[in-house]
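The values are calculated or read from the model by the stated rules, or taken from the named source; none is laboratory data. Everything numeric here is computed off the predicted structure, so don't read it as measured data. Note that each Cβ is placed from the backbone with ideal geometry, even for glycine, and that neighbours are counted across all protein chains shown. Ligands, DNA and RNA are stripped out before the accessible areas are found, and what is left, the full protein with its side chains, is counted by its heavy atoms. Shrake-Rupley method; radii C 1.70, N 1.55, O 1.52, S 1.80 Å.
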Amino acid sequence: MAKVDTSSSRPYHIVIFGASGFTGQFVVEEVARTVSEGPNGTLKWAVAGRSRQKLDKVLEQAAGTLGKPELRTAVEVIVADVGEPDSLAAMCKQAVIVLNCVGPYRFWGEPVVKACVENGAHCIDICGEPQFLESMQLNYDSQAADKGVYIVGACGFDSIPADMGVLYTRDQFKGTLTALESFLTASTGPEGGSINDGTWKSAIYGFADSGKLRSLRKKFGHKPLPVVGSKIKRRSALFYSNEVQQYAVPFMGADPSVVKRSQRFLLEEHQETPVQYGAYAGVGGVANIVKMLFAGMMFWFLVKFSFGQDLLIKYPEFFSFGFFSKDGPTRKQMEGSSFKFVFYGEGYTEGQDPSQGRPNAKIRTLVQGPEAGYVATPIAMVQAAITILNEPTALPKKGGVYTPGATFAKTKLVERLNKHGIQFSVI
């Protein structure tokens, strides 16, 4: 049995590891905003990382941004390094939950998972790297179950809006939902927008290692999920989407693999009908397609060679047409940015047999929110932690390495997200 111990045996409900990183700064600010939502109306928390000086600077900046001068002295600083296992163990022993913001996870993530499992701390990350997420499940699921620890990956923009969006749509559908497609669009304000190059690096290493992901998946020995109802049709590599009134491509992120793992868990543990899922992203008009094709061809060529990977990492703005940058977006850019997922689902009304005939009902839902990488991601991550702290009886009965959908299917996470600006609705 898993246990979420919020008593005084561990001094902190949450420890943010990697708090001085680009994303970590915004996670710190989000935790500071939500202290009243912790167990019994209070949240005990600390920040952790390699440099005490940098962590002090993060708290200084958060204090100024939020108008909370007490953050400079009231929040404990823990020095811990992924290269020093003893320091990670000491950190994990003090935390109910570790929020791990140190990426790329393929290089720095496993020592944190290992330390959390061995020292009884739950762990949440914001990883969008399927190879890391699935290798942690393969290597640590049984150990986490034995220890009663939840290791929950992909709790940022990758992949809470998609994974919880699928479950929300299923729960709103009056009958048996069998297939679902999502269309992601993002918009920026007059200031434009960009993404910090940490995400760019993760993509480079992920595509370079795609062959290892295929061999990793074979080790699970999974049978294909059963297809209920009409089989979903896969779209082409580039098509005009009437759903979002622009050209679209298959979504290249972690969402499809995370959703599939959630659906497998819900089938095996709760005998729930698996939902087929296709994920797509809008890319705009013809000018954007030309840019995307040019950048894509360069990326695919260079990512195959170590010298090419070095070039891609050194010049992210050039090779991504400014979409990724070493500096990341400004706060002004974040304020003007937002995202939308529109879900189109089909299934069978109550009383209809999904094994007979074609689907006879449709549903459309929307998940929308603020800037994806550094506003929505911290909100999703922190609310995932708040949910674990406050709703332990609604979580899976045993510990393990889980997806957001597997962990939070029976909780009020969607309600919590709605209150914090990530909105789920039927349209």
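Things worth noting here:
- A 1.4 Å probe, protein heavy atoms only, puts the accessible area of residue 123 near 0 Å².
- Heavy-atom accessible surface of region 166-260, averaged per residue, reaches 54 Å², computed with a 1.4 Å probe.
- Just so you know, the Rg over Rh for region 284-333 is 1.04, from Cα atoms, with Rh as the Kirkwood radius.
- Cα centroid separation, region 106-169 to region 387-424 (Å): 14 Å
- Residue with peak Gaussian network fluctuation, the chain [Cα springs, cutoff 10 Å], from 45, 108, 300: 300
- Taking every DSSP bridge with both residues inside the chain, close to 50 percent are antiparallel.
- Whole-number percent relative contact order across region 137-295, with pairs defined as alpha carbons under 8 Å at least 6 apart: 33 percent
- Packing here is the average count of other Cβ atoms within 10 Å per residue, and on that basis the peptides 235-243, 183-191, highest first, run 183-191, 235-243.
- Region 1-129: Rg to Rh, with Rh as the Kirkwood radius over Cα pairs: 0.94
- Over region 264-387, relative contact order from alpha-carbon pairs under 8 Å, at least 6 apart, %: 15 percent
- The phi torsions of region 43-52, fed into the Karplus equation with coefficients 6.51, -1.76 and 1.60 and a -60° offset, translate into couplings of 10, 9, 8, 9, 10, 9, x, 6, 10, 4 Hz, rounded to whole numbers, with Gly and Pro shown as x.
- Residues 415, 350 ordered from highest to lowest accessible area at a 1.4 Å probe: 350, 415.
- Derived scalar couplings between HN and Hα for region 394-401 equal 8, 8, x, 5, 10, x, x, 9 Hz in order, rounded to whole Hz, by the Karplus curve 6.51 cos²θ - 1.76 cosθ + 1.60 (θ = phi - 60°), x for Gly and Pro.
- Volume in Å³ per residue [convex hull over Cα atoms, computed for the chain]: 143 Å³
- Sorting 194, 215 on solvent-accessible area from highest to lowest, probe radius 1.4 Å, gives 215, 194.
- Each residue of region 202-218 is assigned a 3J(HN,Hα), and the resulting list reads 4, 5, 4, 5, x, 5, 5, 9, 4, x, 5, 5, 4, 5, 4, 5, 5 Hz, derived from the Karplus form 6.51 cos²θ - 1.76 cosθ + 1.60 (θ = phi - 60°), x at Gly and Pro.
- Nonlocal amide H pairs with residue 155, under 5 Å, H built at 1.01 Å: 125, 126, 127
- Max mean-square fluctuation residue, GNM over the chain, Cα-Cα springs under 10 Å, options 377, 176, 349: 349
- Taken along the Cα-to-beta-carbon direction at a fixed 7 Å, the label points for residue 70 and residue 325 span 3.6 nm.
- Whole-Å distance, taken between Cα centres, linking region 18-95 and region 246-262: 32 Å
- Distance (nanometres) between label positions extended 7 Å along Cα→Cβ at residue 239 and residue 188: 2.8 nm
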